[in-house]
Structure formats: C-alpha cells, structure tokens
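Here is the structure we will look at, set down as structure tokens.
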Amino acid sequence: VQLQASGGGLVQPGGSLRLSCVASTSIFSGNGMAWYRQAPGKQRELVAFVTSEGATNYADSVKGRCTISRDNAKNTGYLQMNSLKPEDTAVYYCRNLYASYGKYYWGQGTLVTVSS
C-alpha cells in the first residue's frame, strides 16, 4: 500500500488549501483515514480523522476550520483547510486510521506554510 499526499504550499494567513491523499488500494473505504501534522521541533499530532462509516473528528486547534472527507471511488482522502493561521505551518501526513493487518501506512508528507 502506498499513500501519496499533495496539495501543500505557501499561503497567506486567512487563506485556504485542500490536501489530497491518494492510496494505491481501497484501504480507506474499509478502514478510514487520518491526517496528522508535524511542525518544526514538535511531535506529530493528529489533525482529523474519518471512519469507514463516515464519522469525523477534529483536533480542537482546527475544529471549525478544517473538513476531512474521502472519495472511496477514487481511493482518495482530503483535508480542506480554511482560515489558515501561521501556527498551522507543518508537514501534513495521511495515514490509514486503523492498522491494516497490523500495519499503518503513511504518506510522504506535504508541507503547508502559512506566512505573509
């Protein structure tokens, strides 16, 4: 299983980005997916997840500003981020939500930089 994250970039405060994560298999449809981020000098943290049933959950720091979704037909997960703040600057990673046959698969990460 390979996950390919994309969509990061440089954006001004208050701007928006949509991150995508394409899986090489249908792992998200039966498992769910999650987005994590890691800022410089900080530990990786969970940003949001969506279960196979479609339930979602968000970190308090992004609640109301981000929306996680997935398109099972495209084996793709998304993270729509609005009203971005400098503190959202980080490398964003996608992952299958629950271990699949004991394994977690990570995308390579996509850098989001929020700066004026």
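The values are calculated or read from the model by the stated rules, or taken from the named source; none is laboratory data. Keep in mind it's a predicted model, so treat the numbers as computed, not measured. Every residue, glycine among them, receives a Cβ derived from its backbone with ideal geometry; neighbour counts consider all protein chains shown.
Are any of the residues in the stretch 82-93 touching a Cys at 6+ places or on another chain (Cβ under 8 Å), surrounded by 14 or more Cβ atoms within 10 Å (Cβ to Cβ) and not polar (S, T, N, Q)?
no
Can you tell me how many residues in the stretch 27-50 are exposed (fewer than 13 other Cβ atoms within 10 Å of the Cβ) and polar (S, T, N, Q)?
Final tally of qualifying residues: 1.
Taking into account only those residues within the stretch 51-71 that are surrounded by 14 or more Cβ atoms within 10 Å (Cβ to Cβ) and more than 25 Å from Gly9 (Cα to Cα), which is nearest to the chain's Cα centre (by Cα)?
Among residues in the stretch 51-71 that are surrounded by 14 or more Cβ atoms within 10 Å (Cβ to Cβ) and more than 25 Å from Gly9 (Cα to Cα), the one nearest to the chain's Cα centre (by Cα) is Thr51.
When you check Ser16 against the structure, is it at pLDDT below 95 and either crowded, with 21+ Cβ neighbours inside 10 Å or small (Gly, Ala, Ser) (or both), yes or no?
The answer is no for Ser16.
For Ser29, only one of the following conditions fails: (1) of a type outside the set (Lys, Arg); (2) free of Cβ contacts under 8 Å to residues at least 24 places away in the same chain; (3) touching a Ser or Thr at 6+ places or on another chain (Cβ under 7 Å). What is its number?
(2)
If I go through the stretch 52-78 residue by residue, how many of them are more than 20 Å from Val22 (Cα to Cα) and of a type in the set (A, V, I, L, M, F, W, C)?
Looking only at that region, the number is 2.
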